[in-house]
Amino acid sequence: VLPYTKQADRQITIGETVIDCFTAGAHNIDAVTVASFGEEWTKFSHFSDAEISAIGAEYFDIVPPAALNEGSVVLDAGCGTGRWSLYAAKRAKFVEAIDPSQAVLAAAKLTAGAGNIRVTQSAIDTLPFADASFDFVFSLGVLHHIPDTFAALKALVQKVKPGGYFLVYLYYNLDNRGVAYKALFGAVNQLRIAVSKLPGAAKRLVCDALAVALYLPLVSAAWVFKQLTPGSNAYQKIPLAYYVGKSWKVIRNDALDRFGTPLEQRFSRQQVHDMMTRAGLENIVFSEGAPYWHALGRKPL
Ligand SMILES: C[S@@+](CC[C@H](N)C(=O)[O-])C[C@H]1O[C@@H](n2cnc3c(N)ncnc32)[C@H](O)[C@@H]1O
């Protein structure tokens, strides 16, 4: 574990585990969104090894052993349930997993057996770690839920050692999609704005209904199209084709994630590249595969 640079505001004790909390004074944070994630991750708190390996491989496809290896001290910023901490811990020396929400309880439970992961309750702008203390920092699906995405990204890059790496996944603004896809998304986004305002139980119910009424037909259509066009990637043009082969639980979880979250921002590939460059990263590599966009950059020596 890394030494904390300050005293914890408080501690949460669950069984044998004590979680230190450092959220006081966070300002680059959307409290309603964080509360919503706390609820989401309490509901979807378990992931099988197979699910974590299969989806984790999609996010980490651009991460070479030089960036993440058995000597790496790692930060998972916005860990949620800690599923990607678990994935990274298999390739790393130690993982510090942080999240400001109640998800830390689920994360502490999911990662308890790993032996090289510590969970801390913290926001990105209240991190209790010294600058330049990590070999590898990653933040997957987090920074677009933060009011000032660039400030948060820059704060994380500050925690990377010179010569270390930063992996980020930010929602794309559909810049690689056609007009019809964008129009459909526009309509669906209005629905998200309405659904995300519902109270917890109603929100979960509506999101489950959307998983059945919206995700299931589109994913099924994409699956059929895939069978009819063997060897072709054309099926990926169908919205939600990403979920072909994913479990029903993953689909329900993502429906809640997508429709239940009040604050989300979207970025083009160029905007992600610019933010990473302005934060001081070089050798930026984008994955050509979903989820879009995820990219890796290196901090100069
Ligand atoms: C979509 S979830 C992603 C969780 C995890 N990375 C994953 O992919 O499973 C976004 C997470 O970002 C966290 N988050 C929101 N605002 C944050 C902030 N200011 N600092 C750190 N994490 C934050 C939320 O609590 C939530 O768990």
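The values are calculated or read from the model by the stated rules, or taken from the named source; none is laboratory data. All of these numbers come straight from a predicted model, not from anything done at the bench. Neighbour counts run over all protein chains shown; Cβ positions are idealised from the backbone, glycine included. The area values use the complete protein model at the heavy-atom level, side chains included, leaving out ligands, DNA and RNA. Shrake-Rupley method; radii C 1.70, N 1.55, O 1.52, S 1.80 Å.
Overview of values
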{"item": "Selection from the stretch 4-35 of residues that are modelled with pLDDT of 95 or more, of a type in the set (Ser, Thr, Tyr) and more than 16 Å from the ligand (Cβ to nearest atom)", "result": "Tyr4, Thr5"}
{"item": "Single residue of Glu70, Glu51 found to be acidic (Asp, Glu), under 21 Å from Gly260 (Cβ atoms) and either within 14 Å of the ligand (Cβ to nearest atom) or modelled with pLDDT of 95 or more (or both)", "result": "Glu51"}
{"item": "Residue selected from the stretch 78-110 under the condition crowded, with 24+ Cβ neighbours inside 10 Å and polar (S, T, N, Q), by the criterion farthest from the ligand (Cβ to nearest atom)", "result": "Ser85"}
{"item": "Close pairs from the stretch 94-108: first closer than 9 Å to Val119 by Cβ, partner more than 12 Å from the ligand (Cβ to nearest atom) and basic (Lys, Arg), Cβ under 6 Å, at least 6 apart", "result": "Glu96/Arg118"}
{"item": "Tabulated pairs, the stretch 126-149, first open to solvent by 10 Å² or more (accessible area, probe 1.4 Å), second β-branched (Val, Ile, Thr), C-beta under 6 angstrom, 6+ apart or interchain", "result": "Ala130/Thr5; Asp135/Val73; His145/Thr33"}
{"item": "Single residue of Ala112, Ala123 found to be under 24 Å from Thr23 (Cβ atoms) and touching a Pro at 6+ places or on another chain (Cβ under 7 Å)", "result": "Ala123"}
{"item": "Pairs where the first residue, in the stretch 254-266, is among the aromatic types (Phe, Trp, Tyr) and the second is open to solvent by 30 Å² or more (accessible area, probe 1.4 Å) and assigned to a helix (DSSP H, G or I), C-beta under 8 Å, 6+ apart", "result": "Phe259/Leu191; Phe259/Val206"}
{"item": "Of the criteria (1) more than 14 Å from the chain's Cα centre (by Cα); (2) at negative phi, which one Leu174 fails", "result": "(2)"}
{"item": "Out of Thr23, Thr5, sole residue that is open to solvent by 60 Å² or more (accessible area, probe 1.4 Å) and either of a type in the set (S, T, N, Q) or within 29 Å of Gly260 (Cα to Cα) (or both)", "result": "Thr5"}
{"item": "Residue that is nearest to the ligand (Cβ to nearest atom) [pool: residues in the stretch 111-161 that are of a type in the set (Asp, Glu) and closer than 21 Å to Thr33 by Cβ]", "result": "Asp125"}
{"item": "Selection status of Asp175, closer than 30 Å to Leu75 by Cα and touching a Ser or Thr at 6+ places or on another chain (Cβ under 6 Å)", "result": "yes"}
